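Down below is the structure, laid out as structure tokens.
The values are calculated or read from the model by the stated rules, or taken from the named source; none is laboratory data. On a predicted model such as this, the values are computed, not experimentally measured, just so you know. Just so you know, the surface numbers come from the protein's heavy atoms only, side chains and all, with ligands and any DNA or RNA stripped out. Shrake-Rupley method; radii C 1.70, N 1.55, O 1.52, S 1.80 Å.
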Amino acid sequence: RSCIDFAEPFSHCPFLCVSRFIPEKNHALLLQAFSCYQSQGGMRPLLLVGCGPLEGDLRSACTQLPRPELVRFEPFVQLEQLAGHYADAHALVLPSRKDTWGLVVNEAMASGLPVIVSSACGCAEDLIIDGEGWLFPSGNANALMKCLQEVDLQHPRDRDRMTHAAWKRL
């Protein structure tokens, strides 16, 4: 498994969020939770893939993080290119406050990537079964931060078991 080299000495595989930069996708909540994660010693970077009207606001908000150099933005990419991001990531995060389904969750799980999903995503009830991903209450930054910490500390054997069960059920 390869990892994106964000900034020395921080070369951990990143948390990945793939979505349009619009209010419904709730990147503000993700950055709030990520700030707490960093403040409590979290060292994993964050990769935001997408585009949209809130990109400037999100970039500005990132400058207020404890370690802003650990956040990278990449523009929207097609599915073929997105597979590389899934392969390089540690977990997918979808913090939406409203999402009809959340197809990126299907794609990430099919790629063997753990997922952290808001309860407001339509796919949450069908795809996120205890032990096959993390589900947090929509709008709860503290719960999201705890999910980031849990996936960060997950033992590789438990991670393999989780992603295999999720992939098999898909």
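Laid out as a table, the results:
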{"quantity": "Rounded to 5, percent antiparallel among DSSP beta bridges of the chain", "calculated": "5"}
{"quantity": "Area of Lys168 that stays accessible when all protein chains are in place (1.4 Å probe, Å², to 10)", "calculated": "150"}
{"quantity": "Share of carbon and sulfur in the accessible heavy-atom surface of the range 9-160 [1.4 Å probe, %]", "calculated": "54"}
{"quantity": "Amide H contacts under 5 Å for Val71, placed H, 5+ residues apart", "calculated": "Leu46"}
{"quantity": "Kirkwood Rh, angstrom, the range 14-79 [1 / mean 1/r, Cα pairs]", "calculated": "11.9"}
{"quantity": "Value of Rg to Rh for the chain (Rh from inverse mean 1/r over Cα pairs, i.e. Kirkwood)", "calculated": "0.92"}
{"quantity": "Residues of the range 72-160: accessible area per residue with a 1.4 Å probe, Å²", "calculated": "47"}
{"quantity": "Most fluctuating residue given options Leu46, Leu31, Leu16, as computed from a GNM of the chain linking Cα atoms under 10 Å", "calculated": "Leu31"}
{"quantity": "Solvent-accessible surface (1.4 angstrom probe) belonging to Trp101, in square angstrom, nearest 10", "calculated": "90"}
